[in-house]
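What follows is calculated from the coordinates using simple rules that are stated; it is not laboratory data. If you're wondering where the values come from, they're calculated on a predicted model, not measured in any experiment. Positions of Cβ are backbone-derived with ideal geometry, glycine not excepted, and every protein chain shown enters the neighbour counts.
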Amino acid sequence: MTRHSLPAIITACSLAAVTPAGADSATPPNIVFIVADDLGWTDAGFMGSTYYETPNLDRLAESGMVFTDAYAPAANCAPSRASVLTGQATPRHGVLTVSNPERGRSEHRRLIPPPNKTTLDPALTTFPRLLQEAGYQTFHIGKWHLGDDARPHGYDEAIGGHAGGMTPGGYFSPYRIPTLEDGPEGEYLTDRLGREAAALIEARDDSRPMLLSMQFYSPHTPIEAPEETIDRFRDKPATPIHFNPVYAAMIHHLDRSVGRILDALERQGILDDTFILFTSDNGGILGISGQDPLRAEKGAFYEGGLRVPMIVTWPGRVEPGVRSATPVTGLDYFPTFLEIAGVEKPEEHITDGDSLLPYLTGTGTLDADRKLFWHFPFYLQAYQGGNAHTRDVLFRTRPGSLVRVGDWKLLEYFEDDALELYKIGDDIGERRNLADIFPGKTEELHRILRDWREETSAPLPIGPNPDFDAEAEARALRRHMR
């Protein structure tokens, strides 16, 4: 079943089986939030891959709702995670990129980017803190990337996270992660984190609801997996976009750990009382897994950098087998989690998303034409070998902003004031810039984007970069185009 808004084909009988939060229980549901790292939009069976094997995620997808137009709040790790935690667009919390905003060679950068925050301010309101204050047990496992310790942000326990974005020792023990004791030599990190999650589920206080935030490092680089699992995929027929047996093995282990979590919930008899959301923190990487039919990759603000797989399940509340093309964003998770738990947001805390609960339960709609924004006044250099899928091969992205409203998406680049307009429903690969063909729509969206930047006090580049060398840039572009 596919739906774009409240489905007319849901019968009165099926609506009666979908009850709002808290209608039949005095105890709020458990919440399990599972995030893969750099998993591309099609890098799972439920999103169409025939090469990657994800039976547990596919089972999850069959039991709930798949969002085909789900977006990360940012195109790289730390800002995406900060926005999910706070429910705020990146200009509000200040974590706009990963570490250095001046990526790439200085002589190729026309502008000086503004400063960037690399840690999330513990004073900011987060959904785990609000759930913790409301009586939830709150557990974080895996990647953190927003400071040294997740616990000050609302977690009772935090296992396996640290300030960095990558696994310091790789995927095999010893891991060199300060918050995770090393396992036996050769232990695989993704398996270990899945076992840690299952153990927390089984040891929880069953008189209180639980929030489990399961944040996998996988399949982020380094691309590593056990040899016996890699062998499983070496002779499997590849496809034009899915071809890497090591990456396939990483996804297999990630999926197996998701299965461990589902099995633990079932053994404890709480699967039916648990809201589960699975997604990725941003898009995938072209050299590792193709992003077609999307354009570009992680770090770019074309669809390949922002669009992510997403599943929501909640037995008896979310109808199974639904695929929705209504655009949603990671900014929606904060208000959704709070509404599910029956927790009020502090009035002074501004959020930028909408609760998905009415849409998920069939009791309301979600505006398919609402405004979704992204802002990135920085530079991200291209991966080795260049990237012809963005505006030029030197950068995955240069400073700019974008907005999607309904089917229309406008990108603005600050270096040359260029505007790009795409109609996503007709051109998911963003191949045809319609800015000159629809000048009225272009100006309308540009005005909306400028107003949003002013409202959020979005930081802009400071000014021209004195190191910029147009001739050096031109030479570099010519070298890559040979």
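Determine how many Å³ per residue the convex hull of the Cα atoms of the chain encloses.
Dividing the Cα hull volume of the chain by its residues yields 149 Å³.
Just want the answer: with Cβ charges of +1 for Lys and Arg and -1 for Asp and Glu, which residue in F395, P152, A249 is farthest toward the dipole's positive end in the chain?
Going by the charge dipole, the pick is F395.
Hey, with R₀ at 60 Å, roughly what FRET efficiency would E202 and R432 work out to, going by the Cβ-Cβ distance, to 0.05?
0.70
What is the chain's relative contact order, in percent, from Cα pairs under 8 angstrom and six or more apart in sequence?
25
Given Cβ point charges of +1 (Lys, Arg) and -1 (Asp, Glu) and nothing else, what value in debye, to the nearest 20, does the dipole of the chain about its Cα centre take?
960
What are the membrane-span-like helices in the chain by this rule: whole DSSP H runs, Cα extent along the axis at least 27 Å, mean Kyte-Doolittle hydropathy at least -0.5?
245-267
For the charge dipole of the range 372-481, defined by +1 on Lys and Arg C-beta atoms and -1 on Asp and Glu C-beta atoms about the Cα centroid, which residue among F378, I448, A458 has the Cα displaced farthest towards the positive pole?
Of the candidates, F378 comes out farthest on the positive side.
Charges only on Cβ, +1 for Lys and Arg, -1 for Asp and Glu: so what's the dipole of the range 392-482 about the Cα centre, in debye to the nearest 20?
420
Work out how much length D58 to D235 would gain on full extension: take 0.36 nm times their residue separation and subtract the Cα-Cα distance, in nm to one decimal.
61.5 nm
Per-residue ellipticity at 222 nm for the chain, helices alone: DSSP H runs ≥ 4 residues times -39500 (n - 2.57), over residue total, nearest 500 deg cm²/dmol?
Counting only the DSSP helices, I get -8000 deg cm²/dmol.
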